[in-house]
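What follows is a set of notes on a single structure, which appears directly below.
The values are calculated or read from the model by the stated rules, or taken from the named source; none is laboratory data. A quick note: this is a predicted structure, and the numbers were derived from the prediction, not measured. All Cβ positions, glycine included, derive from the backbone under ideal geometry; neighbour counts span all protein chains shown. Surface areas here come from the heavy atoms of the whole protein model, side chains and all, with no ligands, DNA or RNA. Shrake-Rupley method; radii C 1.70, N 1.55, O 1.52, S 1.80 Å.
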Amino acid sequence: MIPEIGNFALIVGLFLAITLGVLPIVGAARNNAVLMGVARPLAAGQFVFLGVALLCLTYAFVANDFSVLYVAQHSNTQLPTIYRISAVWGGHEGSLLLWAFLLSVWTLAVALYSKHLPEEMVARVLGVMGLIAVGFLLFMLLTSNPFDRLLPAAADGRDLNPLLQDPGLVIHPPMLYMGYVGFSVAFAFAIAALLGGRLDATWARWSRPWTTVAWVFMTLGIALGSWWAYYELGWGGWWFWDPVENASFMPWLIGTALMHSLAVTEKRNAFKSWTVLLAITAFSLSLLGTFLVRSGVLTSVHSFASDPKRGIFILTFLVIVIGVSLLLFAWRAPKIGLGGKFDPLSRESLLLSNNVLLSVAAASVFIGTLYPLFMDALGQGKLSVGPPYFEAVFVPLMIPMILMMGLGPLARWKKVDAPELAKRVRWAFGAALVIALLLPLTMGEWNVMVSLGLLLAFWIITSVSLSLYERLAGRDDFMQRLHGQSLSYYGMQLAHLGVAVFIIGVTMVKGYETERDVRMDVGDVLNTGGYEFRFNGVTEEQGPNYVAGRGHVTISKDGKVVTELYPEKRQYNVSGMPMTEAAIDAGVLGDLYVSLGEPIPDSNGAWAVRVYIKPFVDWIWAGCLLMSLGGVLAISDRRYRIHNKRKAAAPLEEKTA
Amino acid sequence: MKYLLILLFTLLPAFSYAGEAKDMAADPVLEQRMIGLAEKLRCLVCQNESLASSHAELAEDLRREVREQMQKGMTDQEIIDYLVSRYGDFVLYDPPVKASTLVLWYGPFALLLIGAGVLVFQLRKRRSQIAEPQLSDADAHRAAELLEQSEKPEELMKKDPQA
Amino acid sequence: MMRFILPFVVFVVLAVFLAIGLNLNPREVPSPLVGKPAPAFTLPQLHESTKQFSPSDMKGQVWLLNVWASWCVSCKEEHPVLMELSRRNIVPIYGLDYKDKQADAELWLKKGGDPYVLSVADTEGRIGIDYGVYGVPETYVIDKQGVIQYKQIGPVTPQSLTEKILPLVAELQAK
């Protein structure tokens, strides 16, 4: 019964989405206030019904309703409740439902926080989002319905992939999807502006906070995924350039470019057509990612079971959404004005150069990810493109980008006096250079790549410090100056510092990690990297739905015990899949990482043990966290909150709508 | 108490024969070279994993093959050539530069040049296209009136010498 | 204003590629060995391990080398097809028993029938690597000069037999 309610709610959701996609847009074209006015209630209704659908599926999981095919495929009675809930998005159908639900959340959010916008703009934005929802709901109902019944019901389910039975994977997909879907708001604003021909600095100001929120979610989502890979896959890698990772990285790069481009458009009313194109591209890449993951055109570790019918459907959807928006762009963009004047060397031009580099970086990821497909389609044979390629191409593109990233916030709008800027930054750059050359020496081994990485990181740090110094130092009241800067300024600097922290993490772990793959008898010790690892043997432990061999490793330094680690080797009851649970002692200066290999045959309890020392590895994710916090600070800026106050002061607007 | 006992039992042998752990590989230096090479090679039967990280049987066999060829004194390039002659370019995560991969390897940098070129061109064009806002006489008069009420006109002159 | 239509054009090209990509199998890797001499090996025969077999024994004949194993699931699927082919006596089939245990392999042939003139045992899978085997079953068509002319990845089906393998064999035999 409950699954039928879910199914029914999905169908109602579809009809609401269709209505939302048609009436308000027609209303905006005809200037019909009644038709435009239905947008907000429809958005709310869509949210309610998709929420009900998601709850029904969750209920089916929690109640172990194995008469639902999707539940039978992705759950099991032994599965702990928390993973039964996360199993809702553990497969293709359910993750689509999550996608659609989150889209309705964003649609509702736009409906609620758009009281200060002109009614026709709101109608168009919500309408475009409704049309996107139509595509996804149709896709779900026609090819991948999570509520399909399995008759007769299975006695028990096939269990959730053990890789996904992890706290990190409970929140990673919702975060990432919030990001993917969030770019639909910037997209909808862009399309609405193109439709209405109203493309100006106000448009940029409206879409900016939405873009930033989506970007924050996406940053967190990607970081969580990477962190999960680090501790769950058992060998301490954190990024693999897998097609699915790239599918999330491309919209992130373009989204980053979009945030910066929106700044130019908002402040200087310039490069509007470029900004619109970026907004369309960011969301198009989100959709493309969905296609790549679910159609089976590329092989990836994470692909969902592929089905050609699904591939054809998403491709058709992709062609309609992206094709129509790009045609609309081609039709409307030529009429967009040029905006404010600025010099070839100015903060504007620096931001645009950053845009070029980010876009080229995204293009290189795109080319690398899809090249095997292109070659195969052209009959040029099969080839693989992997980490060596991406590292060789991506890193050189990032170097000029980071160098400019230091200059951008110091440069003035409109016109930069190059010699003056050079004079201002020379000490900052010099300091970064000295630190970068000397710091590796303290690690015992000097190496060019480490120095280069540190130069980039410290260049960001010193230039951010310089900017803060220039703005905050002075004879008058420091506190007053501190408060005088906008939150978005602090947000930007914090996000930039996040990049620096990230680069330090990547550089140090690449340059100085140590790895040992050893055979350890009970009582054996391993001395490496200044630590002593003592292996105390493996005991058997019973988990809720697995049996684990639980190792016990004592780590000491200079005779003092630092920590005890308990890496596990699990065997899941239902799937029989073995899983490695690494044990990690995380620290600011680095992680001690121990994972169990296999037991050594014909021995007295000896195991193959992998020991890694990963200096500064947590800085990678700390950097991502700082970037996200920067984004949060930026959207807390007064200039975006003012509107909310005005909204509260003018409830009349609402009633006339 | 039970935990203590277990601990005691697991620790007991520790005192009897504690030794330095031995590397899994007979020759750790060679093993490291093998892993370094295997990271650039693709496991053929896996979804998308390198030979170094895969647990598939074929991957283990291929690692053994690479190890043995290294022991025979073959260079990395010779081993790569051997594998490519058997499995094709598909095994390489680092595709060779040849006619069909020119776009792959140089495309991004070509795009960068194009992007930079277009940007410079656009910036130059903008400068010539956007004239400083020319004020009509009536506007100028009105502006001057407004300014007189708030700001001294000399300051405007300082800010914008062309006006 | 051509430059504004450019993103659309790029996207259309991309969409065409994606559409073609839907009909391709990214996991099937063509063999670079086609057109090259079959790698040499000398292995003991499965049934009589004192006797050896080498591809050079087959000079002057067109033959099939079928890689199989008793643990391989899709080999069961192709087995009747191979049995039928061996009955028709068109082309000799030789088996490469890949990473198998002798007892299992012999039992398997006893149960399902033995379509092979003879099989050799590649216990450690080394010859498999030499032949670029990455999934069992795989079948090679080798000509009179000992050159590999075709590689079938996955089970031989009646369709692949009539459409590809048998015409090729007839052509090679006529040469």
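Using the charge dipole of chain A (Lys, Arg: +1 at Cβ; Asp, Glu: -1 at Cβ; taken about the Cα centre), state which of A:W227, A:V393, A:A279 has its Cα farthest towards the positive end. Result: A:A279. Rolling a 1.4 Å probe over the protein chains gives C:S86 an accessible area of about 40 Å².
Around the amide H of A:I600, modelled in the peptide plane, lie the amide H atoms of A:A606, A:W607, A:A608, all under 5 Å away and 5 or more residues distant in sequence or on another chain. Applied to region A:592-599, the Karplus parametrisation 6.51 cos²θ - 1.76 cosθ + 1.60 on θ = phi - 60° returns per-residue 3J(HN,Hα) values of 9, 10, 10, 9, 8, x, 10, x Hz, with x for Gly and Pro.
Each residue was assigned an accessible area with a 1.4 Å probe, and for A:D585 the value is about 40 Å².
Could you grab the Rg to Rh ratio for region A:444-593? Cα atoms only, Kirkwood for Rh. Result: Rg/Rh = 1.18. Working value for region C:34-174: equivalent-ellipsoid semi-axes of 21, 18, 14 Å, each the square root of 5 times a Cα gyration tensor eigenvalue, largest first. Taking every protein chain into account, the 1.4 Å probe leaves A:E391 with about 80 Å² of accessible area, to the nearest ten. Think of a 1.4 Å ball rolled over the protein heavy atoms: region B:21-95 then has 44 Å² of accessible area per residue. For region A:9-92, the fraction of alpha-carbon pairs lying more than 15 Å apart is 63 percent, rounded to a whole number. Answer with one residue from A:P372, A:Y59, A:L403: the one whose Cα lies farthest towards the positive end of the charge dipole of chain A, charges on Cβ with Lys, Arg +1 and Asp, Glu -1. Going by the charge dipole, the pick is A:L403. Each residue of region A:559-569 was assigned a 3J(HN,Hα) from its phi angle through the Karplus expression (A = 6.51, B = -1.76, C = 1.60, θ = phi - 60°), giving x, 9, 5, 8, 6, 10, 10, 10, x, 10, 10 Hz with x at Gly and Pro.
Panel note: contact residues of region A:354-387 (accessible area lowered by at least 30 Å² against the chain on its own; 1.4 Å probe) correspond to A:V356, A:V360, A:I367, A:Y371, A:L373, A:F374, A:D376, A:A377, A:K382, A:L383, A:S384.
Beyond 28 Å in Cα-Cα separation lie the following of the pairs C:K59/C:K151; A:K382/B:K72; B:K72/C:K36; A:K335/A:K414; C:K51/C:K101: A:K382/B:K72. The overall shape of region B:21-95 is oblate: from the C-alpha gyration tensor, with semi-axes ordered a ≥ b ≥ c, the ratio a/c is 1.5 or greater and a/b is no larger than b/c. Enclosing the Cα atoms of region A:148-233 in their convex hull gives a volume equal to 117 cubic angstrom per residue. Across chain A, the mean sequence separation of Cα contacts (distance under 8 Å, 6 or more residues apart), normalised by length, yields a relative contact order of 12 percent.
The calculated 222 nm mean residue ellipticity attributable to helices in chain A amounts to -22000 deg cm²/dmol, summing -39500 (n - 2.57) over DSSP H runs of n ≥ 4 and dividing by all residues. The lysines within cross-link reach of A:K415, meaning a Cα-to-Cα straight distance under 20 Å and a gap of 8 or more places when in the same chain, are A:K267, A:K272, A:K341, A:K423, B:K125, B:K158, B:K159. The Rg/Rh ratio of region A:493-562, with Rg taken over Cα atoms and Rh as the Kirkwood radius over Cα pairs, comes to 1.17.
For the protein assembly as shown, the Cα-based Rg and Dmax, in that order, read 32.2, 113 Å. The listed residues C:K99, C:K164, once ranked by accessible area (1.4 Å probe) with the largest placed first, stand as C:K164, C:K99. Neighbours of A:F249 by Cβ distance under 14 Å: Lys/Arg scored +1, Asp/Glu scored -1, total -3.
Across the accessible surface of chain C, with the other protein chains kept in place and a 1.4 Å probe, carbon and sulfur atoms take up 58 percent.
Distant-in-sequence amide contacts of A:K415, defined by a placed amide H-H separation under 5 Å and a gap of 5 or more residues or a different chain, comprise A:D343, A:R347. Under 30 Å of direct C-alpha separation, and excluding same-chain neighbours fewer than eight residues apart, A:K614 reaches these lysines: A:K510, A:K557, A:K560, A:K569, B:K22, B:K40.
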